[in-house]
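No lab work stands behind these numbers, since they all come straight from the coordinates. None of the values given here were measured: they were computed from a predicted structure. All Cβ positions, glycine included, derive from the backbone under ideal geometry; neighbour counts span all protein chains shown.
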Amino acid sequence: MAPVGQAALIVTFGLVLYAAVVGGYAALRGRRRLAESARNALLASFATTAVASAVLVIGFLRHDFSLVYVAEHSSRELPFAYTLAGFWSGQSGSLLLWLLVLTGMSSAAVLLNRRLLVQALPWTVPVLACIACFFALVLLVVSSPFETQAAPANGVGMNASLQNPYMLAHPPLLYLGYVGLTIPFAFAMAALLSRRTDERWLVATRRWTLASWTFLGVAILLGAKWAYETIGWGGYYAWDPVENAALMPWLAATAFLHSVMVQEKKAMLRVWNMILVSLAFCLALFGTFLTRSGVINSVHSFAQSSIGAWFLAFIALVVMTTTVLIFVRLPHLRSQSRLESLASREAAFLYNNLLLVALALTILWGVVFPLVSEAVRGTAVTVGPPYYNFFLRAFGLPLLLLMGIGPLIAWRRASVRSLARSLAVPALAAGAVGVLLLAGGAGSSPPALVAYTFSVFVLAAIGLEFVRGTRARRSLGAESWLGAFSSLVARNRRRYGGYIVHAAVVLLAIGIAGSSAYGSSATARLQPGQTMTVGGYTLGYLGATFRPGRNHDELRAQLAVSRNGEPMGVVAAGKNRYHVEAFFASAVAIRTDWLRAEDLFVVGEDFNRDGSVDLKVLVNPLVGLIWVAGIVFLLGSVITLWPDAREQRRLARRMREAEVLAHA
Amino acid sequence: MMATLAFAVVFAAAAGVFVALPVLRRSSPTRERFGGLGDERAHLELIERRDRALAALKELEFDHRTGKVSDVDHRALIVSLRLEATEALEHLEDVGSEAHLPPDVSQRTRPPGARLVVARDGR
C-alpha cells in the first residue's frame, strides 16, 4: 500500500504546484480558462490527499507494520479507536491531516464563493495552493508517513497519555481550527493582490473564521479536559508551550472577529484587519511548528529537527510577503471614516483588540524567550506560570470588564449621561455581589474577587441587553414574549449569539478564578481502614484492587467518600500499566458535584509494599463551570454561525446591483 | 520505486483530465478573460456606503427604542446618519443616470428601506 500513498502525495504536490504557478499566471493575466484549470487542480489535490490519507488509515487498521509510521504509533493490543487516532499521533500523520483539511477546506471555500468573489477568486486559488505546496513538500522530502521497513511482529504502541477519549477529538479539532484560519488569510491576500479590498472578502470568510475559531476554542477546552483527567496534577492548563500554541491564534482570531464588525459598520480598521488575519494565520503556523518541531525543550533539539527549519523559513516567508503586500496596497486600505468618540462601541472594540493582541504577543514572548535566551546567553531561561498569570490578570480582567461595557455603548458616540444610565444596573448588581463576596470571605484572593465582580457586571449587562431587546421587539408588533425573544435572536444572530459566547467566557472566568484561588489540597499515606479529610470531604481507604486487561492492567485504591457524615459512594484512583509501551500512567478519580460545580480530585500516587497508598486529594471549587462554559460557548457559536437567509439575499442583491452598474 | 511511479502516472492521468477540462473546452471570446470590470469596485463601494448608512440608521432606531441611546444622542446622531444615507443614495442615482440606466434598474439601487431617508437637513 505504501507506493499508492507515496504516489498520491507526489501527485498532490504536482497538482498544488500547478495550481500555484498556473493559477498565479492566470490571475495576473486575467486568463479565465487557465484560472479554472488551476481551480480544478486544487480540487483534485483534495482527492489525491484523501487517497494518501485512506492508505495510512488502512495501514493502521491492518496493523501494517512495514510502514514505519504505523509501527511507531500503534500496536496489535491498542483498542480500535486509538488505532485510528494513531493517524494523527505523530509528526507525519499530523502533517498529512493538515494537508487533508487544508485541501478539503480550500476546495469548499473556492466552490462556495465562486459567485461572490468572481474577481478575487482567481487569486485565492494560488495563495491556498502555495500553502498546500509547503505541506506537500515537507511530507515528501522531510517527514513521509509512507517510509517502509521489514515489518516487525508488533508495533511500539501509542504514548499512554494519548490513550484518552478526549485525544480522539482534540487533535482533529485543533487542526480544523489551525487550518481554517488559512481560508480568511488566503481571501485577504487575494483581496490585496486583486486590489479588491472592499467588504467582500470579509463577507466570504466570516463564517470560515467563526468556524475555525469555534473549532480552536473547543479543541483548547478538550485539551484542558484531557490534561485535567490524564496528567494527574489536578490542574487543566499549565501554560505549556504546546497549550499556548493553540491559545495564541485563538486570541488573535478573537480580536479579528471583533474588529471586522468595525470595518463592516464604519469602514474603519482595514489595515488592522489585514494585520490581524495574517497574525492569526502566522500564529497557527507557529503553533504547528511548536507542536511538531521539538523546538520547545531545547535549541539543540530544534537543530536536530529538520522540520523546524522548514517551518521557520516558511513562516518568515509568509511574514515578509504579507508585510510587503499590505504596505504596497496601503492606498487601497484607507479608512472611510474616523473614530468619532473614545466612548463608543467601535472604541470599545479597539480597546478589546489592543488587549487581546497584547495578551497574545505577551504569551508569544513567554514561549520564545527560552529559545532567545539560549541562543543569546547559552542558557535556557524557563518562563513559568507566574509570568503568564500576571499578564492574564493584567489584560484579562480589563477584557472581562469591556465585555460588559461594550454591548451597552452605542455606535459612533455616547454621552456621559446616556452611558451612566446604561451602566447603572449592571454596576449596581456587580457592586452588591462584590460586597456580599467580600463579607463572605472571598477577599482572600483579590484578583478572584475582582473577576467575580466583573463577571456579575457582564452577566447583568448581557441579561439587560436580552430584556431590553425583547421588550423593544415586542413593542414593534403584537408578538408574545417568547416570539419577541426568538425574533430578536433570529434577526441578529451574530450579536445575540456573541452575547451567549460572552456568557461562556464569564463562566470560564468564574471557573478559573474559583478553582485557582479557593481550592484546597492534602496528601496522606493511608493503610486500609484509615481516613483523611480535605475541604469538607472524608475519604476512607478500603483497599487496593487489580484488574488485568489486554492493552493495560489497572491498579486502583478504593476510597469511600463522605461529606458532613453523609456517604457519597466509592471512588477509585490509581495507575494503569500499559503492556506494549511499558509505561505507567495515572488514572485519577474525579467526583463532580454539579450543584456546587465542584470536583473532588484524587490521585493515587504510590502503592507501597506494606499495603498503604500515597494519595493526593484536591477539592477544586467551580471547576465544573469551565466545562459548562464549553457547552455554552458551542451553543453561542452555533447561533452565530447559523445561516442567515436575509443576509444572503442582501449580499446577493448588492452583487447584482454592482454588476448592473458596472455593465451599464 | 517503480510501483510508486506507476501509481503516480495513473493518478496524474486521472487528475490531468480534470485539470485540463477547462482549457480544452470551447469557449466564447467574451468568456476568455476576467478582470475587465474596472468600475465595479467603485460602484460596490458606493453600494456598501449606502447599505452601511441605512443599517446604522436602523440600528440607531433600535438602540433608541431599547434605551441604549438617549433622546439627545439620538437627535444628534440621526441628522448625520440621514445625511450620509442621502448622499450615498444620490451618488448611486448619479451613477445610474450617467450610465443611462433604464428606470427599473436605476430604481433597484434604492432598497426598500431607503424611503425612510427624506431630506438633506436631516428631517
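Pairs of alpha-carbon atoms within less than 8 angstrom and 6+ residues apart define the contacts here; what relative contact order does segment A:444-559 have, in percent?
Value for segment A:444-559: 19 percent.
In bins 20 Å wide, starting from 0, what share of all Cα pairs of chain A does each bin hold, as a percent?
16, 47, 32, 5, 0
Residue A:648 to residue A:150: FRET efficiency via 1/(1 + (r/R0)^6), r the Cβ-Cβ distance, R0 56 Å, to the nearest 0.05?
0.45
Give the share of C-alpha pairs in each 5 angstrom bin for segment A:1-63, from 0 to the last occupied bin, in whole percents, shortest bins first.
Percent of Cα pairs in each bin: 4, 21, 22, 16, 12, 10, 7, 5, 2, 1, 0.
Mind listing the Cα extents of segment A:335-394 along all three principal axes, in Å, largest one first?
So the three principal-axis extents are 50, 25, 10 Å.
In nm, to one decimal, how far is the modelled label at residue B:9 from the one at residue A:583, with both set 7 Å along Cα→Cβ?
For the pair residue B:9/residue A:583, the computed spacing is 4.4 nm.
Return the equivalent ellipsoid semi-axes of segment A:1-142 as a descending list in whole Å, where each equals the square root of 5 times an eigenvalue of the C-alpha gyration tensor.
33, 14, 10
Can you quote the Å³ per residue value for the convex hull of the Cα atoms in segment A:79-125, rounded to an integer?
66 Å³
Tell me, what is the percent relative contact order of chain A, built from C-alpha pairs under 8 Å that lie six or more residues apart?
Relative contact order, chain A: 10 percent.
Please report Rg (one decimal) and Dmax (integer) in Å for the Cα set of segment A:169-280.
When restricted to the Cα atoms of segment A:169-280, Rg and Dmax are 15.8, 53 Å.
Which whole number in µm²/s is D for segment A:546-610 by Stokes-Einstein, with the Kirkwood Rh taken over Cα pairs at 20 °C and 1.002 mPa s?
162 µm²/s
Separation between the residue A:29 and residue A:387 pseudo-spin-labels, each 7 Å from Cα along Cα→Cβ, expressed in nm?
Placing both labels 7 Å beyond Cα along the Cβ direction yields 5.2 nm.
What does the charge add up to near residue B:22, with Lys and Arg as +1, Asp and Glu as -1, over the other residues with Cβ less than 9 Å from its Cβ?
Computed value for this residue: +3.
So what's the back-of-envelope 222 nm ellipticity for the protein assembly as shown, counting only DSSP H runs of four-plus at -39500 (n - 2.57) apiece and dividing by all residues, rounded to 500?
One gets -22500 deg cm²/dmol as the mean residue ellipticity at 222 nm.
Please give the direction-averaged projected area of the C-alpha convex hull for segment A:595-664, in square nanometres with one decimal.
9.6 nm²
All other residues with a Cβ under 10 Å from the Cβ of residue A:605 taken together, and with Lys, Arg as +1 and Asp, Glu as -1, what is their net charge?
Net charge around residue A:605: +1.
What FRET efficiency do you get for residue A:80 and residue A:377 if R0 is 51 Å and r is their Cβ-Cβ distance, rounded to the nearest 0.05?
0.55
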